Each structure stands twice: as C-alpha cells, then as structure tokens.
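Have a look at the structure below before the remarks.
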Amino acid sequence: MKLLFATSNAGKLAEVRKMLAPLGWDVMGLKDLENPPEIVEDAETFLGNARKKALALREATGLAVLADDTGLSVEALGGRPGVRSARYAGENATDADNNAKLLGELATVSDEKRGAAFECWMVFIDPSGKESVASGKLSGRILKEPRGAGGFGYDPIFLPYGEEKTLSELSIEEKNLISHRKKALAGILSALSVK
Ligand code: ITT
C-alpha cells in the first residue's frame, strides 16, 4: 500500500518508514510531493493539528494519508511547550534553539521536578475518506544537558523512565520499541485491523 505521511520532518519520516516497512507499506513524505500545500498548524490541540494536516493532504492528493502532531509537555512549566513545541524558541527555531530555551527555563528546577511527556496524535484517512485516530504517550524527565547524536527535536534532553539512554542515544529501532509515535501507530493499525 502507498501511504503519504503528511510530514516535513525527516526524523519522523525515518521512524514511521521503519515501523511500516515490515508490513510492505511504501511511505512518502511531503518532500516527495512536487507542490505540497502550505499548512498552518494553528489548532489548539494536537488532534486538531493532525486532522488539519491529514485533511489538507488527502484533499490535495487523494492518497491514503497519515498525519502526526506531537509535542512535549513539561510538568514544571504547567504543560508547556505542548502544542507550541515546534516554535517554542521562536518562528524559525531550530531543534538546538528549542532545547537551549527549555534547559534555560529549567535551569533552577531540581531533578525530581523535571518530569515531562511526549504526546503523539495520529490521524489516518483511507482513500475512501474514512478516518482513524490514535494517540501515544512516553513519560520521562528532562536532563540538564543534551546527550547523544541520533534522533531529532527534543530527543537529546529526554530520558524515558526506566531507560539509561536518552532518546538520542537509542537507535531508531530501540526508540521505535517504546516511543509515543510507535504507540500511536499501533492504535491506528489496530483500528485498521492490520496485524
Ligand atoms: P510536521 O508538522 O511536518 O510533521 P514538525 O517537526 O513541525 O513536523 P510537530 O509539530 O509534530 O512536527 O513537532 C513539534 C515539535 O516536537 C518539533 O520541535 C519536533 O522536533 C518535536 N518532536 C516531535 N516528535 C518528537 C520526537 O519523537 N522526539 C523529539 N522531539 C520531537
């Protein structure tokens, strides 16, 4: 099956491609389209943004579409950056800018109060227009310094509970065993009765 994953994020695409390859799914990203539509992620919820991306791409291409909206909620910050995780340090913020801003905001926060969770919401729309929705969460804590060279986004500063390695120090395969994205995708596959 050919699937359009409505993302420009190369890290997300690599993870989802690895998860779906064993099922024989051929996954394209937005960068594989000639004229991808401009989508403003201005909804107030992860689900709202994921639906917006999925519907826009389904409308533009008629393909089966999967969209993912993810964010990091930090307890000591009352859940921020949450839905604003991508532009936390400003409109054109890089991953390094966002991580630096978060570490700065938590500079005086002790280890016990650095709890955080990734939340991933996915929307799948099949070629007939039928929608499926699922979400996944990964809890852990924010370290005081980045560790690791793999992954993307907030991975270098996030230590999942029960792990000794940050998400950046894990291989894609290892991250895919425990991640918020893997849990959300498992929910979608189960809604589609794919084993
Ligand atoms: P698309 O909208 O094109 O999918 P994006 O990077 O804007 O790409 P999100 O809005 O879902 O995707 O991501 C919000 C932020 O959270 C952004 O800074 C990501 O780098 C980060 N993020 C998402 N998933 C992550 C993960 O698994 N590990 C670490 N950071 C992640």
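The values are calculated or read from the model by the stated rules, or taken from the named source; none is laboratory data. Note that this is a predicted model, so its numbers are computed, not measured. Reconstructed Cβ throughout: ideal geometry from the backbone, glycine too, with neighbour counts over all protein chains shown. These accessible areas exclude ligands, DNA and RNA; they are computed on the full protein's heavy atoms, side chains included. Shrake-Rupley method; radii C 1.70, N 1.55, O 1.52, S 1.80 Å.
Can you confirm whether THR70 is part of a loop (DSSP other than H, G, I, E, B), within 14 Å of the ligand (Cβ to nearest atom) and either open to solvent by less than 20 Å² (accessible area, probe 1.4 Å) or closer than 16 Å to ALA134 by Cβ (or both)? Answer is no for this residue. Apart from one condition, VAL40 fits all of (1) among the aliphatic types (A, V, I, L, M); (2) surrounded by 13 or more Cβ atoms within 10 Å (Cβ to Cβ); (3) assigned to a loop (DSSP other than H, G, I, E, B); the exception is (2). Residues in the range 106-155 that are in a helix (DSSP H, G or I) and either in contact with a Pro (Cβ under 8 Å, 6 or more places away or on another chain) or crowded, with 16+ Cβ neighbours inside 10 Å (or both): ASP155 alone.
Does at least one position in the range 21-34 carry a residue that is within 21 Å of LEU177 (Cα to Cα), open to solvent by less than 30 Å² (accessible area, probe 1.4 Å), without any contact (Cβ under 8 Å) to a residue 60 or more places away in the chain and more than 12 Å from the ligand (Cβ to nearest atom)? Looking through the range 21-34, at least one residue is within 21 Å of LEU177 (Cα to Cα), open to solvent by less than 30 Å² (accessible area, probe 1.4 Å), without any contact (Cβ under 8 Å) to a residue 60 or more places away in the chain and more than 12 Å from the ligand (Cβ to nearest atom).
Being within 14 Å of the chain's Cα centre (by Cα) and of a type outside the set (Phe, Trp, Tyr), is that true of even one residue in the range 101-116?
Scanning the range 101-116, I find no residue that is within 14 Å of the chain's Cα centre (by Cα) and of a type outside the set (Phe, Trp, Tyr), so the answer is no.
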